[in-house]
Amino acid sequence: MTARLRILLTGARGLLGSELAEVLAPEHEVFPYGRAELDITDPEAVAGALARHRPHWVVNAAAFTRVDACESEAETAFRVNARGPEVLARAAAAHGARLVQVSTDYVFSGDRPVPVPYRETDPAGPLSVYGRSKLAGEEGVRAVLGEEAVIVRTAWLYGSGGPNFLKTILRLALADPSRTLRVVDDQYGSPTWSRRLAEQIRVLIGAEARGIFHASAEGCCTWYGLARTFFELLGLPVRLIPIPTSHYPTPARRPANSILENRRLKEAGLNVMRPWQEDLTEFVGRFGAELRRECGGG
Ligand SMILES: NC(=O)c1ccc[n+]([C@@H]2O[C@H](COP(=O)([O-])OP(=O)(O)OC[C@H]3O[C@@H](n4cnc5c(N)ncnc54)[C@H](OP(=O)(O)O)[C@@H]3O)[C@@H](O)[C@H]2O)c1
């Protein structure tokens, strides 16, 4: 049984943040902040929140996550994804609090052959403004807190709490059942349930972990493979066509191989991440009907 800790949570209205608020609350005293209540790039506001709550931990789930928008809004991307975490790290250091910074598979180039995964110690090489800004966030936090900072890199998040790929394709499918969806089939990653990741972060805090951890679901697939499995689990007969990335041009380049190995979690005996199909099955079983309603179906 871990001690009851005070945890200041930022980005608490987002996909991951909303899960963290729920998962951490029974065990700890959580102070959840959405962007409207606390802008992580505002040093005075952040210092004020830490002075008010005197948290043992700060968990930063706030970020500018619209990967394509980051290309044209680089200044905002670096302010939120790099400067913000550094502001939090400085405030945490001043108050003797620990920090969890959530980061991404997009810090890697993805140019190694599938299915060779990326480990925590592999060199970064981001392809996009989003990836570069998140890497700068990691570096900023580590410059202030060193190994005391916990950096959790995850990938391909989905869940009930915020916009994500699964909701987008479900919305398209329900809007026009006769439609054929074209989905990219040459980018590989590990679809990760935000609820499971929140549990993993709870475990890391309980273990007083330190350093960088990869935390994504076990196994991998493509976006097409994910879409096919998702619609099968929902029992929705949607026509899907696999396409190469070159047929779906986007402003930001994305890694072809986004597969992360949870090596440090396993070495530390802390890994609670599960095979992606297992989590997706549980997710659809628990939230399928709700998702259909939210995304436009009956
Ligand atoms: N989603 C993925 O597939 C994925 C993959 C790998 C890593 N990650 C990482 O996982 C973490 C959580 O992502 P997510 O998917 O939960 O993102 P999300 O749903 O977009 O949530 C991020 C939250 O941060 C808030 N925010 C933005 N700017 C802020 C600021 N200046 N101050 C305070 N809050 C601010 C946003 O508020 P507004 O909505 O009001 O702007 C939003 O509620 C991020 O670090 C992300 O980089 C996500």
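Read-outs: derived from the displayed coordinates by stated rules, not from any lab. Note that this is a predicted model, so its numbers are computed, not measured. For neighbour counting, all protein chains shown are included, and Cβ atoms are generated from backbone atoms with ideal geometry for every residue, glycine included.
A few notes on this one:
- Calculated diffusion of the range 140-298, Stokes-Einstein form, Kirkwood radius summed over Cα pairs, 25 °C and 0.890 mPa s, µm²/s: 145
- Averaging 1/r over every pair of different alpha carbons in the range 224-279 and inverting the result gives a Kirkwood radius of 14.6 Å.
- If the convex hull is drawn through the Cα atoms of the range 44-121, its volume per residue in Å³: 118
- As a size descriptor, the averaged projected area of the C-alpha convex hull of the chain was calculated at 14.8 nm².
- Cβ-based charge dipole, the chain, positive-most Cα from G162, P32, G219: G162
- Built amide H within the under 5 Å cut-off of R98, gap 5+: W57, V58
- Net charge of the neighbourhood of G296, taken over other residues with C-beta under 11 Å away and scored Lys/Arg +1, Asp/Glu -1, is +2.
- Distance (nanometres) between label positions extended 7 Å along Cα→Cβ at A268 and R119: 1.7
- Ellipticity estimate at 222 nm from DSSP helix runs (n ≥ 4, -39,500 (n - 2.57)) divided over the chain, nearest 500: -12500 deg cm²/dmol
- Scanning the chain for DSSP H helices at least 20 Å long along the axis (C-alpha atoms) with a Kyte-Doolittle mean no lower than -0.5 picks out 129-145.
- Ranked by how many other beta carbons lie within 10 Å on average, peptides 137-150, 234-247 from highest: 137-150, 234-247
- For trypsin sites (Lys or Arg not before Pro), the sites in the range 1-74 that DSSP calls loop and that have at most 12 other Cβ atoms within 10 Å are R4.
- Those trypsin sites (Lys or Arg not before Pro) in the range 153-186 that DSSP places in a loop and that have at most 14 other beta carbons within 10 Å: R179
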